[in-house]
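Below you'll find the structure, written out as structure tokens, and then a few comments.
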Amino acid sequence: MLTTFQKAFKYGHPFLSYTFLSALTFFRSRSKRRRRADTAPAMPLNLLSPPAAAKLAPSLRATPLRRGYSFVPAPHHPGRLSMASSMSAAAARSAGPAVAAAETKQGVSGKKQVLISLSDKTDLAYLGNGLQGLGYSIISTGGTASSLESAGVNVTKVEEITNFPEMLDGRVKTLHPSIHGGILARRDQEHHLKALKEHGIGTFDVVVVNLYPFYDKVTSGAVSFEDGIENIDIGGPTMIRAAAKNHKDVLVVVDHNDYPALLEYLKGNQEDQQFRKKLAWKAFQHVASYDSAVSEWLWKQSHKGDTFPPSFTVPLELRSTLRYGENPHQNAAFYADKSLSLVGAGGIATAIQHHGKEMSYNNYLDADAAWNCVSEFDSPTCVVVKHTNPCGVASRQDILEAYRLAVRADPVSAFGGIVAFNTTIDEDLAKEIREFRSPVDGQTRMFYEIVVAPGYTEKGLEILRGKSKTLRILEAKRSGKGMLSLRQVAGGWLAQESDDVTPEDITFTTKSKRVPQENELSDAKFAWLCAKHVKSNAIVIAKNNCMLGMGSGQPNRRESLRIAFKKAGEEAKGAALASDAFFPFAWNDAVEEACQNGIGIIAQPGGSMRDDDSVDCCNKYGVSLVFTGVRHFRH
């Protein structure tokens, strides 16, 4: 029966605790005459609820004890109870009251203690042996403790410290005053140390914790809501935050890459507060990123179809410090977005660099523009970009021909630009890229900053590496759709859905008397898709799935149109012209000028107050006019 009572206090069962109080009163009344005042046992009232403890104290003449002690039969007084610590009831009976009372919790003796609880056990044996060699006692949980023991490291399990078992399927392991008191206590506050001593709690000098792999779990495939919830770490973040807050006295480590620095620091008995602060910052950032993933996941689980949460956090991870920003006087860095929505989304941020100089700030912008554009096309396509604008685009079943046509669209701009393909670069294509001469003089080899493709053959990669030591060769995955696009303005951010509309998603409505032929409509769709990636005001002239000329970034649409015609030359006759937005004027303006230059079909969104003027103008010159109903501004 008494064993049941012990369990009631040890495991906190309310019904058994109540039963124990009743039985205890009964036992005490029976043994009252046999009990001497000087041998009355001290009772652990802190195990009881405050009202019960207050009620019981006068009759038991008790004093408060530390949490974790339990009642056992007094060896020399049948029917009476005495206190014992984490040793079993059987051990307490055989050891006697003196030994039982002397048994205290780990750490009270002043030993240096480390708490380790890890999901990612990389380099754990190295850490454990290193700490043990420096004289630290190691306290650990479940699987971490087993791994340490397998590595020959002496370990005390957490439940031996708390005198409380792991419970609720592992949800409660370290959430206990014996753990958090030892982490949070300030060593420079006498009353903190006094409280620890009063309750038999030892201090922790180092806390090494990482978290359940929530991020990996919810991005690994189909995961049920219940499974996702169970992979949210509670005890880990609590210990990390506690240790980071008290970093002046407790070193906190969340990254296995910091183990060598930690051991060196401890080996030298250093008191470098900057080192402690850096680890504390890293710990809080680790938890913040973890929480952002949980928040993002829960938002999507509870607000399906709602794109814009009232608040959210974007977790960024430093990938590289860049030589400079847009200009040499600006410092810069590149960060990868670790949002759950971007896992597997592809794009330049996750590209593999096979060769060449390190990427610059402008390289990232241009490569991103080229890759986003070429990823729009299903047929074999080459895109050449300069200053984020596509200056050449061509689609052909023969990718070598597509490459040549894309360069010829604007060979002056293509020189020193970025060339992107949506097909694997093999030996033949690599040779063409390496040897192709500029159409301007027929002699100068074309020079590029970057080549981007979804893949390379072994021979193709070898040939490209031989073109230039500086040529950056990137392998990227196709950019995903449905992403949230963010852009910074002073003091805030703009958020919008990505522009994923393609010609297949819309209807090209004929507004003119002249109905376009099938090949003309195909040219219009190609030009319109290219214009989507050109900076506004954007005009693209194209024919036979090849860009002939483009005008971009001009304050008025008429100037962009003139630039495009200048580049296209005589080839513009009978070609398609696409505009990213409507034409506000037609007569003696852009529409009439396009018609007079011999354009065959014009594609524009429509929506102007003077749309009828555009229709009338095209009818006068016998030009086909189609409205897309979709604008493609790009600022």
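The values are calculated or read from the model by the stated rules, or taken from the named source; none is laboratory data. Because the structure is predicted, anything quoted here is derived from the model rather than measured. A quick note on method: Cβ atoms are made from the backbone with ideal geometry, for glycine too, and the neighbour counts reach across all protein chains shown. Just so you know, the surface numbers come from the protein's heavy atoms only, side chains and all, with ligands and any DNA or RNA stripped out. Shrake-Rupley method; radii C 1.70, N 1.55, O 1.52, S 1.80 Å.
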Residue in segment 612-628 that is part of a loop (DSSP other than H, G, I, E, B), modelled with pLDDT of 95 or more, among the hydrophobic types (A, V, I, L, M, F, W, C) and touching a Cys at 6+ places or on another chain (Cβ under 8 Å) present: yes
Residues that are touching a strand residue (DSSP E or B) at 6+ places or on another chain (Cβ under 9 Å), at pLDDT below 95 and assigned to a loop (DSSP other than H, G, I, E, B), drawn from segment 557-590: 580, 581, 582, 583
Matching option when the condition is in contact with a helix residue (DSSP H, G or I) (Cβ under 7 Å, 6 or more places away or on another chain), open to solvent by less than 50 Å² (accessible area, probe 1.4 Å), under 20 Å from residue 371 (Cα atoms) and outside the structural domain of residue 389 (by the TED database), among 540, 501: 540
Count of residues meeting criterion [out of contact with any Gly (no Cβ under 9 Å at 6 or more places or on another chain), over 21 Å from residue 251 (Cα atoms) and assigned to a loop (DSSP other than H, G, I, E, B)] in segment 182-217: 1
Odd one out for residue 593 among (1) part of a helix (DSSP H, G or I); (2) open to solvent by 60 Å² or more (accessible area, probe 1.4 Å); (3) in contact with a helix residue (DSSP H, G or I) (Cβ under 9 Å, 6 or more places away or on another chain): (2)
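Looking at segment 293-330, which of the residues that are of a type in the set (Asp, Glu) and exposed (fewer than 14 other Cβ atoms within 10 Å of the Cβ) is nearest to residue 219 (Cα to Cα)? Spell out how you get there, then give the answer.
So the first thing to find is which residues in segment 293-330 are of a type in the set (Asp, Glu), and the list is 296, 306, 317, 326.
Restricting the remaining residues to those that are exposed (fewer than 14 other Cβ atoms within 10 Å of the Cβ) gives 306, 317, 326.
On the way: 306: 20, 317: 17, 326: 34 Å.
Filtering first and then ranking leaves 317.
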Enumeration of residues in segment 614-635 that are open to solvent by 10 Å² or more (accessible area, probe 1.4 Å), over 20 Å from residue 515 (Cβ atoms) and not hydrophobic (A, V, I, L, M, F, W, C): 631, 634, 635
Sole exception among (1) more than 17 Å from residue 291 (Cα to Cα); (2) assigned to a loop (DSSP other than H, G, I, E, B) for residue 263, by number: (2)
Residues of segment 119-133 that turn out to be at pLDDT 90 or above and either open to solvent by less than 50 Å² (accessible area, probe 1.4 Å) or in a strand (DSSP E or B) (or both), as a count: 6
Filter result (open to solvent by 20 Å² or more (accessible area, probe 1.4 Å) and outside any helix (DSSP H, G or I)) within segment 347-369: 351, 352, 353, 354, 355, 356, 357, 358
Residues within segment 594-630 that are at positive phi and either touching a Gly at 6+ places or on another chain (Cβ under 6 Å) or free of Cβ contacts under 8 Å to residues at least 60 places away in the same chain (or both), tallied: 2
Leading residue by the ranking (farthest from residue 401 (Cα to Cα)) among those in segment 434-461 that are in contact with a Leu (Cβ under 7 Å, 6 or more places away or on another chain) and hydrophobic (A, V, I, L, M, F, W, C): 450
Number of the condition not met by residue 344 [criteria: (1) in contact with a strand residue (DSSP E or B) (Cβ under 8 Å, 6 or more places away or on another chain); (2) surrounded by fewer than 23 Cβ atoms within 10 Å (Cβ to Cβ)]: (1)
Residue check for residue 289: more than 22 Å from residue 144 (Cβ to Cβ) and modelled with pLDDT under 95: no
Output for segment 106-116, where each listed residue is open to solvent by less than 50 Å² (accessible area, probe 1.4 Å) and modelled with pLDDT of 90 or more: 113, 114, 115, 116
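Between 535, 525, which is crowded, with 17+ Cβ neighbours inside 10 Å, assigned to a loop (DSSP other than H, G, I, E, B) and not acidic (Asp, Glu)? First the steps, then the outcome.
Numbers: 525 fails: assigned to a loop (DSSP other than H, G, I, E, B).
Every option except 535 fails the conditions.
Just give me the residues in segment 466-487 being hydrophobic (A, V, I, L, M, F, W, C) and open to solvent by less than 50 Å² (accessible area, probe 1.4 Å), in sequence order.
Of everything in segment 466-487, those that are hydrophobic (A, V, I, L, M, F, W, C) and open to solvent by less than 50 Å² (accessible area, probe 1.4 Å) turn out to be 471, 473, 474, 476, 483.
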Failed condition for residue 186, given (1) under 15 Å from residue 119 (Cα atoms); (2) touching a His at 6+ places or on another chain (Cβ under 6 Å): (1)
Among (1) within 29 Å of the chain's Cα centre (by Cα); (2) surrounded by fewer than 20 Cβ atoms within 10 Å (Cβ to Cβ) - the single one residue 199 does not satisfy: (1)
